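What follows draws every value from the coordinates through simple rules; no lab data is involved. Here the structure is a predicted model, which is why all the values come from computation and not from measurement. For neighbour counting, all protein chains shown are included, and Cβ atoms are generated from backbone atoms with ideal geometry for every residue, glycine included.
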């Protein structure tokens with residue numbers, strides 16, 4: 001990256017989460033309005049915030065100042081990503097697990113959980129069902145078990161990419177699985193994955209120890225903390241962070257996420273491609289500890305503050321939330337959502353309208369069909385996107401940061417989003433959704449400057465409609 005220092009790979013794993021320092025930042029006096037506005041201005045200049053600056057936003061309590069944070073998050077999201085929302089779906093491959101996390105229904109001590117691992121045939125059936133709805137992007141989810149070793153994960157990825165149904169194809173496969181060693185990540189990379197996602201769950205050391213028994217692999221805080229560092233060192237260049245909000249004080253967890261993002265940026269010149277912020281949800285065989293549950297208002301603050309703290313990073317709002325909550329929170333910096341999601345093993349072909357809690361990790365709040373979510377997004381002024389062009393054009397890792405940090409990535413996002421939306425409208429949309437989509441495409445085209453890019457975009461849109469071409473991108 002131009003102007004960046006050489007990569008500084010740590011000699012060995014170390015604990016870069018300074019619990020005392022982060023707690024101290026949250027125990028000081030409330031910041032004054034002038035300081036808050038200085039930090040907002042820095043973020044709007046597309047500069048990542050320090051942990052200390054992020055703490056100032058976290059400590060802002062006056063309603064008018066919080067509203068200024070909300071307004072800045074909306075503005076920054078528009079500047080960097082425009083009005084586009086990227087859509088994906090989760091596909092659970094297996095729920096065998098050797099861990100015993102207190103909050104997760106997959107924990108090994110949960111005898112009421114129905115255990116299952118999809119066969120390669122069943123994986124193909126699930127992928128066909130997803131493709132027939134219009135999905136192009138998946139995240140594959142695996143329990144932590146020796147059965148789900150790097151070879152198994154890589155073979156599963158290849159199966160997904162090789163499965164086609166009509167015009168349907170999966171163009172990007174992300175992974176949510178256990179931390180691996182360097183050799184394991186290298187094997188996964190060869191299969192062509194997109195983002196490797198690992199949630200620390202909580203950065204608060206005592207809480208981490210309480211909810212993750214020490215006699216399990218996940219009980220090793222430091223090994224998990226450096227899971228994404230090993231991924232970078234093995235050659236992966238897109239990674240995703242996340243915590244489970246509701247295990248500890250949300251303010252500390254936000255500072256932990258920012259600390260982790262800055263650590264990756266400092267050591268590898270690449271920050272996280274995405275940050276996820278799921279809230280604790282009911283799950284089969286799990287008793288929810290309500291002490292740290294996050295209110296809707298504070299959840300809005302979390303999203304807005306993360307948007308300002310890490311302007312270049314995609315923020316993922318999952319179907320754990322209800323449609324009403326998702327609709328309200330979308331404007332505060334979210335750039336990706338899942339839609340049409342089912343998280344039961346085999347759920348895309350076997351599940352009915354009701355969720356089967358004995359077969360899923362937690363309760364979803366939004367199981368509406370993809371087409372319904374697409375229609376609502378467009379009614380609300382968003383541009384749904386299934387774009388995978390950056391990944392497939394080599395705009396990943398440091399190269400992605402070069403475009404995203406100054407805000408140039410938006411110049412690619414809108415044309416590519418329109419192309420993938422046009423594909424969806426031609427192949428999968430209901431009549432009402434198609435009408436709304438055609439109107440949106442025309443509206444977005446009218447906003448673009450005349451010139452070579454617009455001319456090329458119009459030609460490719462026509463090819464999709466008239467010549468049945470697919471997979472056009474810039």
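List of remarks:
- Per-residue [θ]222 nm for the chain (sum of -39500 (n - 2.57) over DSSP H runs n ≥ 4, rounded to 500): -13500 deg cm²/dmol
- Shape category assigned to segment 415-474 from the gyration tensor of Cα positions, a/c cut at 1.5: oblate
- Share of pairwise Cα-Cα distances greater than 39 Å in the chain is 17 percent (whole percent).
- Counted residue by residue at 0.36 nm each, then reduced by the alpha carbon distance between them, the extension gain from residue 122 to residue 27 reaches 29.0 nm.
- Here the chain carries DSSP beta bridges of which approximately 10% are antiparallel, counting only pairs with both residues inside.
- Scaling the Cα radius of gyration of segment 163-284 by the globular reference 2.2 N^0.38 Å produces a ratio of 1.14.
- Relative contact order for segment 135-281, counting Cα pairs under 8 Å that sit 6 or more residues apart, in percent: 22 percent
- Given their separation in residues at 0.36 nm each and the Cα-Cα distance between them, residue 380 and residue 71 gain 109.5 nm when the chain is fully extended.
- Net length gained if the chain between residue 149 and residue 453 were fully extended (0.36 nm per residue, minus Cα distance): 105.0 nm
- In Å, descending, principal axis extents of the Cα set of segment 1-154: 59, 40, 39
- When only Cα pairs below 8 angstrom with a gap of at least 6 residues are kept, segment 76-368 shows a relative contact order of 23 percent.
- Mean Cβ neighbour count within 10 Å, used as a protection proxy, ranking 463-474, 220-231 highest first: 220-231, 463-474
- Contact order normalised by residue count of segment 106-195, Cα under 8 Å, 6+ apart, percent: 34 percent
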